[in-house]
Amino acid sequence: SQQGEEDPQALSIQEGENATMNCSYKTSINNLQWYRQNSGRGLVHLILIRSNEREKHSGRLRVTLDTSKKSSSLLITASRAADTASYFCATVKAAGNKLTFGGGTRVLVKP
Amino acid sequence: DSGVTQTPKHLITATGQRVTLRCSPRSGDLSVYWYQQSLDQGLQFLIHYYNGEERAKGNILERFSAQQFPDLHSELNLSSLELGDSALYFCASSVEWGGGEETQYFGPGTRLLVL
């Protein structure tokens, strides 16, 4: 079963706008990761945030983590048409590397 | 290109049949993971192998089995196939195992359609 939910399920924005998506999870975690999936293709790792971190940046990506609320957000700034994809959060518990994925957010960036 | 290869890309078969999906990890990676992506269940972890040994099991049906060979490639065997087994099957690899902070590199997937 999935660890959590992502919100919104779908998002449509204009190029240049920011896109924000949220992920909630249910149990304690070691870290939380975000992946991107272009239509029907493999997943690409974007960023990892550890449970003792609150915010992390990578290029145009900003991830926050609130372990008290068991939630995370991914912000994509100055979006581009090439950012059109599905974005998934995945949690890793204390032991092992098993990724537990959320349901994903489909992002459409219109040129 | 992640460096992880999966064959075949597409597979169409009938209910009751058995298929084998193959995965070659990135050069040097010892861990292989299998995931299933379907409309009903989303992305689900199936099983993890490290250097030939099973390390963790997820929501893998008894009809499914996997193994990792000495050359580190892995195969996922699906038997007595049902319509509901139609899904995208991903393999991922990482350098080692443990700690939970290693990036997993995903292959392009095998799309299975059971008719």
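The values are calculated or read from the model by the stated rules, or taken from the named source; none is laboratory data. What you see is a predicted model; the values in this text were computed from it and never measured. Note that we place each Cβ from the backbone using ideal geometry, even for glycine, and neighbour counts take in every protein chain shown. Ligands, DNA and RNA are excluded from the accessible area calculation, which covers all protein heavy atoms including side chains. Shrake-Rupley method; radii C 1.70, N 1.55, O 1.52, S 1.80 Å.
Bridging of A:Lys69 to aspartates and glutamates at a Cα separation below 16 Å is possible for A:Glu5, A:Glu6, A:Asp7, A:Glu53, A:Glu55, once same-chain residues fewer than 8 apart are set aside. Looking at B:Val95, A:Asn52, A:Val63, which one has the Cα that reaches farthest to the positive end of the dipole of the protein assembly as shown (charges on Cβ: Lys, Arg +1; Asp, Glu -1)? After comparing all options, I get A:Val63. Extending 7 Å from Cα along the Cβ direction at B:Glu75 and again at B:Leu115 yields two label points whose distance is 2.5 nm.
Rounded to the nearest 20, the Cβ-based charge dipole of the stretch B:1-78 about its Cα centre (Lys and Arg +1, Asp and Glu -1) stands at 160 debye.
Taking the centroid of alpha carbons for each part, the stretch A:13-36 and the stretch A:61-111 are 2 Å apart. Between A:Arg54 and B:Val95, the distance separating the two model label sites (each 7 Å from Cα on the Cα→Cβ line) works out to 3.0 nm. Chain A and chain B together bury an accessible surface of about 1700 square angstrom, both sides counted, with a 1.4 Å probe and no ligands or nucleic acids included.
Farthest toward the dipole's positive end in the protein assembly as shown, which of A:Val107, B:Leu43, B:Phe69, given Cβ charges of +1 (Lys, Arg) and -1 (Asp, Glu) about the Cα centre? Result: A:Val107.
Using the Karplus equation 6.51 cos²θ - 1.76 cosθ + 1.60 (θ = phi - 60°), what ³J(HN,Hα) coupling, rounded to whole Hz, does each residue of the stretch B:30-37 give in order, writing x for Gly and Pro? So the J values, rounded to whole Hz, are 9, 9, 10, 10, 10, 10, 10, 10. Karplus-based coupling profile of the stretch A:51-60, in residue order and whole Hz: 5, 9, 9, 10, 8, 8, 10, 8, x, 8, with θ = phi - 60° in 6.51 cos²θ - 1.76 cosθ + 1.60 and x standing for Gly or Pro.
Just to confirm my numbers, what's the Cα centroid distance between the stretch B:1-47 and the stretch B:69-115 in Å? Spelled out, the Cα-based centre of one part sits 3 Å from the other.
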